[in-house]
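Here's the structure we're looking at; comments come further down.
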Amino acid sequence: MKNFNLIKFLLILLIWGVYFYQVQPTVDDHKIVSFLIFLAIWSGLSIVIDKLEARFSKE
C-alpha cells in the first residue's frame with residue numbers, strides 16, 4: 001500500500017513542525033534533550049507504522 005509512505009511523510013512533517021514550533025525559542029540543553037526524546041518517539045512510531053503496513057499488506 002503506497003498510501004502508508006504518504007502517511008509517514010505527512011506524520012513526520014506534522015511532528016517536525018510542532019516540535020520546532022515548541023522548542024525553537026529555547027537554545028540550551030533542554031533543546032538537545034527534547035531532540036533525543038523526539039527521535040526516540042519517532043523511531044517507535046515508525047516501527048509501529050511498519051508493523052501495521054506489514055499486517056495490511058498480507059491481506
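The values are calculated or read from the model by the stated rules, or taken from the named source; none is laboratory data. Everything numeric here is computed off the predicted structure, so don't read it as measured data. A quick note on method: Cβ atoms are made from the backbone with ideal geometry, for glycine too, and the neighbour counts reach across all protein chains shown.
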Which residue pairs have Cβ atoms closer than 8 Å, lie 6 or more positions apart in sequence or on different chains, and pair a first residue in region 47-59 that is under 17 Å from residue 9 (Cα atoms) with a second residue that is in a helix (DSSP H, G or I)? 49/4; 49/7; 49/8; 49/11; 52/4; 53/4
Exclusive hit being at pLDDT 75 or above and surrounded by fewer than 12 Cβ atoms within 10 Å (Cβ to Cβ), set 47, 7, 15, 32: 47
